[in-house]
Each structure stands twice: as structure tokens, then as C-alpha cells.
1. Within region B:104-118, is even one residue within 13 Å of another protein chain (Cβ to nearest Cβ), surrounded by fewer than 20 Cβ atoms within 10 Å (Cβ to Cβ) and closer than 25 Å to B:L60 by Cα?
2. Please specify each residue of region A:308-334 satisfying the condition of being out of contact with any helix residue (DSSP H, G or I) (no Cβ under 6 Å at 6 or more places or on another chain), among the aliphatic types (A, V, I, L, M) and within 14 Å of chain B (Cβ to nearest Cβ).
3. Looking only at region A:213-235, decide whether some residue is closer than 30 Å to A:I65 by Cβ and either in contact with a Gly (Cβ under 7 Å, 6 or more places away or on another chain) or surrounded by fewer than 13 Cβ atoms within 10 Å (Cβ to Cβ) (or both).
4. Please indicate, with yes or no, whether at least one residue in region A:279-290 is touching a residue at least 12 places away in the same chain (Cβ under 8 Å), of a type in the set (G, A, S) and farther than 20 Å from A:Q256 by Cα.
5. What number of residues within region A:112-129 satisfy the criterion of being closer than 15 Å to A:K93 by Cα and open to solvent by 30 Å² or more (accessible area, probe 1.4 Å)?
6. So which of A:D175, A:D197, A:D190 is in contact with an Asp or Glu (Cβ under 9 Å, 6 or more places away or on another chain), of a type outside the set (V, I, T) and not in a strand (DSSP E or B)?
7. Going by the conditions given, is A:E147 closer than 19 Å to A:F48 by Cα, acidic (D, E) and part of a helix (DSSP H, G or I)?
8. Does region B:146-159 contain any residue that is over 20 Å from the mean Cα position of the chain (by Cα) and of a type in the set (A, V, I, L, M)?
Amino acid sequence: MTAMGSIVIKEKGISSTLNWKVSGLDNGVHLISRFNNGVSLSYKNKTFGEFANGISPGKEAGFSILSKSVIDGGFLDEDDTSDVVLGKEVADKLKKESNDGVIVKSGEKIQMLYQNGKKRHYRVKGVVDTKDFIATNSVFVTRKEMENVLGLKNKASEICVKLEDPAALNEIKKDIRGLDTGGKILTWSDKAGFLEDVMKGVDVIRQILSGVSLLLTAVIISIIIYINTQSKKRQIGILKAIGAGNSVVLSMFMIQSAIFAVLGIALGSGIFLGITNYLKINPISLPFGDLVPYVEKNLAITYVLAFFFSSVLAGLYPARRAAKGVIIDSIRGE
Amino acid sequence: MENRVIRGSGDLILETEDLKKSYMTGHVETHALCGINMDIKRGEFVAVMGPSGSGKTTLLNLTGMLDEPTRGAIYIDGHNVANLKESQKTKFRLTKLGFVFQFFNLFPELTALENICLPLMLKGKLKRECVKRATKLLSLVGLKERLSHYPSELSGGEQQRVSIARALANRPALILADEPTANLDSTTAAEIMSLFKQLNKEQNETILMVTHEKEFAEEADRVIQLKDGLVVDEYHTDTSEYQAGTQSKV
């Protein structure tokens, strides 16, 4: 669940053309409408340009995470006309700009100037932190209050669409496009397109780290097997003296490499799953939302196989050296 | 076998012909063996004696194909082994030779029984056969109560007995023993010599033993004396006083 839904049908400003044809879609699609309006927000003689949302608190409760993301004070009630809720980023900005370092919290007074010139005083009822940059940079008043101030009725600037099955996103987007609702149809990634670039960057870093880990694993396994062959040199010599061929010695250390690889993979997978599960419960907060790890099965299998084979291959060189050594030198430990 | 050259009478198990071995120490060449000619008959017990640096261990290592000669030929059971490929040498060591080392050289992670099973398993024997043979050999060397003991739980003499049993595992044509008593006290050393003698007389095992102790060398049928890489003396000993035991061939 997000603060914005999966798809937003958006018009510039407050529109009377944005219609609700979308409500005719199948089950599993939930809708909510919002007013968006640019406002000037004044606090302790400082004024900031902000983005105000007129919302229906009762409907939001079942649709978005807004009412569940209160970090200070409370959330709006349907009939509130003199209260606002601030996104965390707005609250932080006010605190920073006020120069007194005091956190803007519930109970503070602010003033808002609407685009139609109407000025209203509000009490900050609460602060919300939804972890996404759009909602945390917004100010929320009730739809009822915004309609009163702007003198509008049954208008909207955006219709937010929430899907029960996120996998149906593109299909539903296509359906909505066919309904001629008016306005731009944007998915979450359309709205935050830079995220795709960020994720590509993260993916490149992940690939580099994987390559480095693979190389490190191979080097470590190679060193372990080398140390083992050195410490067991005398035994290798004896083994060969009593009739073991090079292939026996080679396979002995290759099996050892394979065992180390399996143990390493088991340990690594355990740690990875532990961290993944921990992060699922305690996600990393980023400006565009919580970062929750996702394990792609095929990629995980590829990595496991790559680690296994690179480890076994890494043991090959020291194992071959040990196997090909002169028996008498090995027995003497040279 | 590719390099097979059948030599001498079927009576000879080992022959060396002008066997030489030199080492380079920096730019200095050291001659460890300077042309050894030696014959050992099947069922013979031969001791090689000599002062330190005379080349006796080098001779044993070359005979056991643990090292390469600089020149000369070695015939084991009629085959010129100096020209064998590495894989052929491995097979030869496994089937024709048994090694007994000065420091026993048992595998510490394996029990007495497992140490003896090892060469049998390398030869491809089934586990059941390996255990049966190893048990019989441990019984032969007087350690049937020590089957599941690890080397660290055995005395030096017992470890050397396990080592001898391991050497016998694949019924070798020749047992090569490198100073097998050097690391033992005199009583235990005498017991080990007695065991060698018993194996030679009762099991008809052919033994080539390197030792620096004259007392033990003279337990053998013949003594070859080395000095500066050359055979300087060779004589037969009188071993007629050996009292045969009741052990049957294993």
C-alpha cells in the first residue's frame, strides 16, 4: 500500500473534465479522488510554496497509508476545516527555516494562502511520514475545506487507482486508456521515472559487487587449498609412494574445494536470508520510499552455481601443483 | 607394457645397472650415486649399509621410483622402470612395491585398519575385502587388538608394525625399508627386525633394507656396503640360526 495508489489519472489544476468512467472497471480496482492545489504556507514570518491536497479522510483510511503514517499528533477527520496535516519533509523544512530548531509538531499554527487569494489559518493536527517523496512533501486538508475555500463541488485534479493485483498494472492502465477519462494516466514509475535510473545504477553496483565477491571467493578458496596442500605435502608424498596416482590427489583437493564451496554457499545463503528477512521487517528508508530486498529466484540460482564452479576451479591450480610434485620432495616437505 | 625389457633369470627381483644420481647444489654438482650395480634375488633379505652421505637412501628412493636416476637402469621383476610413464610408475608402486619408512608415515586421521585398507582401496578392492585383508595383516604383525586405534594411540614399535602391514597389503614383489629401526629404542628395534626376518623366512618376502646399524644389517641374508656412492663391499651373513615360526603365508 502506498500514499498514491498504483495509477494516477491526473489533470493540470482542478478539472471539471476528469470523469469517473474508470469506476466501471472490474472488481479489484479501488478509486479515490483528490484536489491538488499550489499554496503559500507561512510560518513564523517565513513563507514557502507548497503543494496542498484536499482529501477525504474516511476514504483514505481504506485506500492509502496516509492515516497509518502519522508520526506526531493525529490524522484529519472528515469534518475538519481548521486543521492541516503536514508531510514530514514540509515539517522538517519549517523547522529548519524557523531558525529556532524546534520541531514543527501538532498544535502549531500556520497560515495558508490559496491560489484564489483566500487566506486561512490552520492548526497543525499531525505530521505524516509515508516514506515516499510525493506525500511527504505535501500538506493535507480535508476535501470539504478545500471545496469551501475554492468554491468547487465534485471536482478533482487526480483520481488515484489502487489495484488488488499489482501484476495487472499494465493491463489496467491499457483499459483506463480505452475509457477516455481525460487527463494523463501515470503509473508510480511514470511519476517517479528517475527511480528506474536509480535502480539501474543500483543494479550496476550489485553486478560489480557480485563480480568482486566471486573473485574474492575464488582467491580465498585458492589460498585455503594452497595452504592445505602445503601443510599436507608429506602426506601427499606418502600417498603417492604407496600407489596413489596424481588423479587421486587432485580429486581429493577438488572435493575439498567443493565442500568448502557448499559450506560457503550455505553460510552465505543463511546470512543473506537473515538480512533479507530483517530488512523486510525493518526496511531502509529512502526519500522515494522504503527499500525492501527482493530475491529473484533465477538470479539467486545463477549466483549459487557461479560461486560453486568458481570455487571448485579456484582449487584446481594448487591441487594440480600438489598432485604433480616430485614424491621424494613432497615426503621431505620441500 | 611399452618399455618392457625382460632381464636376467626369473630368480632376480631387482637389478640396477650403472645407476647414477647427481644433485645440483647451486653451481656445485654432488654425486650421490656413482654407478651402482646390484642384484637381489626373489625371497632374499638384503641390507644396505654405509655411513651418512654414502647414498644408501638415494639408492632406495631410486629403486622405489620416488626419485629419478641421472643415468643407469633399474629392473624390477624384469621391467626397466626408469623409462616408465608416471601413470605406469604409479601402478608399479601400487602392485609391486611396499614401503616402510623411518618415521612410519601413517595417516594420523586414519585408524590402523584404515591405514592398511588405503593401498587396497587404491587398487580398487571392495571395502569388505580390504577389511578382511587388513585384519589378517594386523594379526600377522601382532596388532589384532589395535585395529581401531589411531597412530597417536600406538607406540613407535606398533606404528612401525602397522607401516609394515601396510607395505604388505597388495602382496608386493619387493619391500623397501628405509632405516625402519632408526626411530625406535633397541628392544623395539630388535622386535621389528625379528618381524622382518619372520616375513622373509616364513612369507618369502623379498626385502631391501637400508640401515646404519651393523647389528641389524647382519640379520639380513646379504649386506651391501656403500661408500661415496659406490658399492665397496658385499657379503653373505649366516642366518641359519633363525627359528621358523608357525605362521602360514598371508
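1. Yes, region B:104-118 contains at least one residue that is within 13 Å of another protein chain (Cβ to nearest Cβ), surrounded by fewer than 20 Cβ atoms within 10 Å (Cβ to Cβ) and closer than 25 Å to B:L60 by Cα.
2. Listed by number, the list holds a single entry, A:V326.
3. no
4. yes
5. Number satisfying all stated conditions: 1.
6. Among A:D175, A:D197, A:D190, only A:D175 is in contact with an Asp or Glu (Cβ under 9 Å, 6 or more places away or on another chain), of a type outside the set (V, I, T) and not in a strand (DSSP E or B).
7. No, not satisfied.
8. There is at least one residue in region B:146-159 that is over 20 Å from the mean Cα position of the chain (by Cα) and of a type in the set (A, V, I, L, M).
The values are calculated or read from the model by the stated rules, or taken from the named source; none is laboratory data. All of these numbers come straight from a predicted model, not from anything done at the bench. Note that we place each Cβ from the backbone using ideal geometry, even for glycine, and neighbour counts take in every protein chain shown. Heavy atoms of the whole protein, side chains included, go into the accessibility calculation; ligands, DNA and RNA do not. Shrake-Rupley method; radii C 1.70, N 1.55, O 1.52, S 1.80 Å.
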